[in-house]
1. Any idea what the dipole of the protein assembly as shown comes to, in debye rounded to 20, about its Cα centre with Lys/Arg Cβ at +1 and Asp/Glu Cβ at -1?
2. Starting from the eigenvalues of the Cα gyration tensor, five times each then square-rooted, give me the equivalent ellipsoid semi-axes of the protein assembly as shown, largest first, whole Å.
3. Hey, fewest Cβ within 10 Å first, where do A:His342, A:His196, A:His75, A:His348 land in order?
4. Any idea how many Lys pairs in the range A:4-227 come in under 13 angstrom at the alpha carbon, given 8 or more places apart or on separate chains?
5. Which of C:Leu126, C:Ser57, C:Gly116 sits farthest toward the positive end of the charge dipole of chain C, with +1 on the Cβ of Lys and Arg and -1 on the Cβ of Asp and Glu?
6. Mind checking the range A:1-103 for trypsin sites (Lys or Arg not before Pro) that DSSP puts in a loop (not H, G, I, E or B) and that have at most 13 other Cβ atoms within 10 Å?
7. Restricting things to alpha carbons, find the Rg to Rh ratio for the range A:4-227 using the Kirkwood radius for Rh.
8. Calculated FRET efficiency, A:Glu112 and A:Ala203, Cβ-Cβ r, R0 41 Å, to nearest 0.05?
Amino acid sequence: MSKELIRLSNCTMAFDGEVVLNNIELSINDKEFLTLLGPSGCGKTTTLRIIGGFQKPTVGDVFFDGVRINDVPPHKRSVNTVFQKYALFTHLDVFENIAFGLQMLKPAISKEEISSRVMEMLEIVSLKGFERREVSSLSGGQQQRVAIARALVLRPKVLLLDEPLGALDLRLRKDMQNELKRIQQTMDITFIYVTHDQEEALAMSDTVVVMDGGVIQQIGTPEDIYNEPKNAFVADFIGESNIVDGIMKRDGVVEIFGRSFKCLDGGFAPDEPVDVVIRPEDVDIVEVGEGMLTGTVTNITFKGMQYDIIVDFRGFKWLIQTTDLSPVGARIGIKIDPDGIHIMKKSHYSGMFGDYSSYSAEYDDIGDASIEAEEEPEDDL
Amino acid sequence: MRRRYLAYPYVLWMAAFVVAPIAIVVVYAFTAKGGGATFGNFAEIVRSAPMLRTFARSFWLSLLATVVCLLIGYPMAYVLANERRGAQRVLLMLIMLPMWMNFLLRTYAWITILEKNGLLNRLLGLLGVGPLQMINTQGAVVLGMVYNFLPFMILPIYSVIVKIDRSLLEAAEDLGASPLAVFRRVIFPLSLPGVVSGITMVFVPGVSTFAISKLLGGSNSGMLGDLIEMQFQGTSYNPYLGSAVALVMMVIVMVFMYFMNRVGDGGQEAMIL
Amino acid sequence: MRDSAKRSPASRVYAALVILFLYAPIFILIFFSFNSSKSNVVFSGFSLRWYRELFGSRSVLRSLYTTLEVSVISAAVATVVGTISAVGLFNMRRRVRTPLMFVNNIPLINADIITGAAMCLLFVSLGSVLKFQRGFGTLLIAHITFNVPYVILSVTPKLRQLDENLVDAALDLGCTWLRAFRKVIIPEIMPGIINGAMIAFTMSIDDFVISYFAAGSGAQTLSMTIYSMAKRSVPPTINAISTLLFGAVLLLLVVINVREFRQGEREKKLKKSK
């Protein structure tokens, strides 16, 4: 699994002068499941389209197996794509959709071979018996499988998937995640997967590439990305995080709110200001006297498995997940083990994330109504 | 909101002015000139060679016009659908603008161009050709129909092509289709509903047209429309025979539309636009 | 679809040729409408002679007035009747609605000449019983009959988009049904109504065939006057009429487009401020 298959070398992409990809360096190994993860507009789909051959980078090179392929059109790459909304041909049935690519092969292959290869694919995606169905009569999950089969039947070395589960409901999505992983292992090829859903990325990938603003923020295994985020953006985008300002006193000791905490990180300059990430589940609640810090509970939400509580520490609010209920207004102490504290270098994302002062901010979509009032009075022609 | 009675007055109106007139046409078609039920009107059509020729001519000329419209209109719709949004808007406006001008005036324009001493013959004369007999020919009738009905072919095809999802074309390309194959295997089949409604929207008014043939065609280019008009308004007043001709035409057109709709199901949706 | 790769110079030339084909005849008419002589081939000097002649002609002015009258009245009636009927039809059971909608569509699908001839027969046979002649009244009835379907077709989709609970909410808040209809349904489906009214009006203005059969010799619309003016040779006043009509349509289009453009700009601004 270590052989490099695809390499993007200092790729930059600009549309009408607007930079959507900024100097991307990315190496993708053979047979790995790699996920491009980020919010919309982060450049993940553009990266995928460059690999697929639908777009050429403004600057930089794309290599496939060591060969530069910038100018190779999509159908000459041994890469196939599963499109966002499937892009199935509605005028063709399931069989004809999957057979489409095979019929385009030059030199042509026999009808029998096409048929047997289509049938084989239908089996792999668990759609046996559906070959004569109209694609419009299929459910979202089934259409998804047809799209995957149609791309895989050409036996590409790499399958590109552009938010393939976005249109499915939650339950189906979970099933399809397992299904995709199974198909990838069955076919034994590289999958490059684009999503904005961090859970999906963590569950399926060998490697996760976190992107924002056209820049790769971090590349790593799901565990690395979660446990060792490189900056405040990654820490916030993947899971819940309390991010606070700290000062690195020396290796293994960080000062937060004027108190020293033990940690496992090192390699910073003495007294370097840093961002400190503390995951909500890594905080233990203890008696006030025994705690490293003392705070007041201001909000409680029951989440089934645990309570999400908001605790005020000198005006800075943390999210803590706990199985013990402490009522609103209670004074509590907290304890954090050294491996629960993660230190990050300061970046331009510092201070933007990781504060739960406005916890209800998850509902921040409501505030748009005020725009209406700005409308100018109608000026008649 | 169950206020069904709101539609009752209009239902009565339709009964009086939509259903009743057509019922009268049907009754007249089976009525002899002197009164009494008869198949004689249809027999007269079948026995009359000029009338049969008019039927054949009407279908033949409007078929020609439909084919020409399709040959000109499909590429135009395709070019239009690929244009930038702003250019698309302007071109669409340009195509629709003449439709809002009275069709008689548009047809008159061609008389002045095709006349014996008309503009086109003058131009040809400069090149040492002609003068050619262009007005009062069946070709002029076809030209008139193409000119009048071309937008009806372009618009439905355009509206279908422009809605084809780009990712479908990319998918086809990704699966190894050459540009020609993308067109043949994806774009064209998907545009068929538009083609079907375009054909219907040119062919049906073409068959029944009467003013165009009267203005541009000669004495031997009379169409079904002229035949019907003559029986109702014109010199040979005979509404019984006229009704029979109208009925036969209506049935043939209905059968045609039925088959067209079967070829490109969903075509009707595009027709209403 | 929109594919920039397919915007070749050849395709541009093709589009230009098609547009030229559509416009050349119209521009020739316009050009020669200012000719001082009768010729449609040789331009012998600028003059407004044909416009003067046009406006001096009583029959032209009379028929223009008839056209406007029948178009305005029939479009107005069709808009009211069509909107109310669309609501009624929409609430009918499918089994009843489907055949009624089919009948509603007959005047649209049927060839004009058949609609016209059929109406002609009806009016002539009714007229012989009730002692009346075809004229403005029958013309108006015919126009209303072919206009209502356009209004229904453009209002019905808006009704389908209407949230069913809207009316219930209005009733719940104490509206009478009629008030709810006026205050809730009508504003919601207004774009469809306006669209329908505009289609109806233009269809009326443009119609020749059905008017020709329905009005007999009792009334004359502009189209009918134009038709009777030149069955063989084209009098230059036709050029003048064409120019004026083309100008009117062009003006209308520009007004509509400027309006839409301004609206679009406003929406863009709004989006940006978000």
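Where a number appears in this text, it was derived from the coordinates with a stated rule and is not lab data. All values reported here derive from a predicted model rather than from experimental measurement. Every residue, glycine among them, receives a Cβ derived from its backbone with ideal geometry; neighbour counts consider all protein chains shown.
1. The calculated dipole for the protein assembly as shown is roughly 5780 debye.
2. Each semi-axis is √(5λ); the values are 69, 34, 28 Å.
3. Ordered from fewest to most neighbouring Cβ atoms within 10 Å, A:His342, A:His196, A:His75, A:His348 come out as A:His348, A:His196, A:His75, A:His342.
4. The number of close lysine pairs in the range A:4-227 is 4.
5. C:Ser57
6. A:Lys3
7. With Rh from the inverse mean 1/r over Cα pairs, Rg/Rh is 0.97.
8. 0.55
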